[in-house]
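Below is one structure, written out as structure tokens; comments come after it.
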Amino acid sequence: MIDVPVASRAGDTAFLTDAFIKAGTRFTLLEFSNGAAADAPDGVGVIRIGGQDGLSDSTGLAGARYDAEAGTVYLLRPDGHVAARFRQPTRAAIDTALARAAGYN
């Protein structure tokens with residue numbers, strides 16, 4: 001995963017990898033919010049950039065580096081590598097990518 005500076009809603013500066021570490025050692029969805037949250041499977045963490053409860057990308061660097069449009073979602077493996085990217089995520093597509101990345105498919 002590409003690291004970028006982000007900020008909490010309180011304005012505290014951090015990096016995306018900090019948020020990933022806080023999410024725990026598990027699969028994680030990285031959402032670029034369009035106001036709607038992706039349907040995350042049980043046990044999958046979520047990092048949201050944008051929206052009312054997400055991290056702030058005030059520099060636009062996260063969106064640029066991830067080529068993210070509103071609604072784009074990445075599935076990150078526990079080791080931080082990108083497993084899948086979705087422009088229009090559905091639960092079925094996320095489940096399929098998760099199974100593939102976990103070695104079940």
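If you put +1 on each Lys and Arg Cβ and -1 on each Asp and Glu Cβ, how big is the dipole of region 45-90 around its Cα centre, in Debye rounded to 20?
120
Starting from the exponent 0.38 and prefactor 2.2 Å, build the expected Rg for region 65-105 from its residue count and divide its actual Cα Rg by it.
This ratio for region 65-105 stands at 1.15.
What percentage of all Cα-Cα pairs in the chain are separated by more than 24 Å?
In whole percent, the share of Cα-Cα pairs in the chain beyond 24 Å is 15.
Above 15 Å lies some portion of the pair distances; for region 28-87, what is it as a whole percent of all C-alpha pairs?
Roughly 44 percent, rounded to a whole number.
What value in Å³ per residue do you get for the convex hull of the alpha-carbon atoms in region 1-59?
It comes to 84 Å³ per residue, whole-number rounded.
Helix 91-101 versus the longest principal axis of the chain: what angle, 0 to 90°, nearest 10, using Cα atoms?
Helix 91-101 and the main axis of the chain meet at about 80 degrees.
Rounded to the nearest 20 Debye, what is the dipole magnitude of the chain about its Cα centre when Lys and Arg each give +1 and Asp and Glu each give -1 at the C-beta?
It comes to approximately 200 debye.
Values quoted throughout were computed directly from the atomic coordinates according to the rules given, and no laboratory measurement underlies them. Model, not experiment: these values are computed from the prediction. Methodologically, a virtual Cβ is constructed for each residue, glycine included, from the backbone with ideal geometry; neighbour enumeration extends over all protein chains shown.
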